[in-house]
Amino acid sequence: MANALAASGLPACQLELEITESTLIQDDEFVLATLHALRALGVRIAMDDFGTGYSSLSYLRRFPFDKIKIDQSFVHGMTDQTDCLAIVRAVIGLGRSLGIAVNAEGVETLEQLDALRHEDCGELQGFLFSKPRPGGEVSDMLLDAAAAGLTDQRYTSLGCLPPAADDPAITLTDVAA
């Protein structure tokens, strides 16, 4: 990984690897050592699809996660199923208490967006903002967003500094064009 980062010129802090819960149960000592080595390089680590696999809160203590990504199934259900809302609320609170960023995946409606904003979720992603795009289109997308007056949030994923507590980040795939 260090060689690939050096060859590409990408700062390690701009690389975020998403790890699924099922990866963690395979050989957890090896995975733990690997994640710590990647983190030592400056690579950011996110737990993807949190709550859908072999969820164990001990994973959040043992593994060096920078982010928890709430699975879209909870986001999709949160506006009409109280159990989904309770899970989303709990994960956001857990992340906040542990100092781990939280990302809600699969935001597709304004109702979901409003509910997640109300819960103070730090990062949002989904088709409501943008469908996946080739890397070459991202700069234009950000420029278009700025020109459209989307200035209430900073695009902190462009740099390596964590966002301030009162300034939630949004990632490059989250900006509406």
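The values are calculated or read from the model by the stated rules, or taken from the named source; none is laboratory data. Owing to the predicted nature of the structure, the values given are computational and were not obtained by experimental measurement. Note that we place each Cβ from the backbone using ideal geometry, even for glycine, and neighbour counts take in every protein chain shown.
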Single match in Phe65, Phe74, Phe30 (criterion: aromatic (Phe, Trp, Tyr) and closer than 24 Å to Phe127 by Cα): Phe74
How about the range 49-84: which of its residues are without any contact (Cβ under 8 Å) to a residue 24 or more places away in the chain and closer than 22 Å to Cys13 by Cα? Arg61
Of everything in the range 121-144 that's touching a residue at least 40 places away in the same chain (Cβ under 8 Å) and more than 14 Å from the chain's Cα centre (by Cα), which residue is farthest from His76 (Cα to Cα)? Arg133
Given the options Arg96, Arg89, Arg44, Arg39, name the one that is farther than 29 Å from Phe127 by Cα and charged (D, E, K, R). Arg39
Take the conditions crowded, with 16+ Cβ neighbours inside 10 Å, among the small types (Gly, Ala, Ser), modelled with pLDDT of 90 or more and touching a strand residue (DSSP E or B) at 6+ places or on another chain (Cβ under 6 Å) and apply them to Gly122. Does it pass? no
The lone condition Ser139 fails out of (1) out of contact with any Leu (no Cβ under 8 Å at 6 or more places or on another chain); (2) assigned to a helix (DSSP H, G or I); (3) surrounded by 20 or more Cβ atoms within 10 Å (Cβ to Cβ) is (3)
Kindly check whether there is at least one residue in the range 70-84 that is in contact with a Lys or Arg (Cβ under 8 Å, 6 or more places away or on another chain) and not aromatic (Phe, Trp, Tyr). no
What are the pairs with Cβ atoms under 6 angstrom where one residue, in the range 31-48, is among the charged types (D, E, K, R) and the other, located anywhere, is not in a strand (DSSP E or B)? Sequence gap at least six, or different chains. Arg39/Pro64; Arg44/Asp66
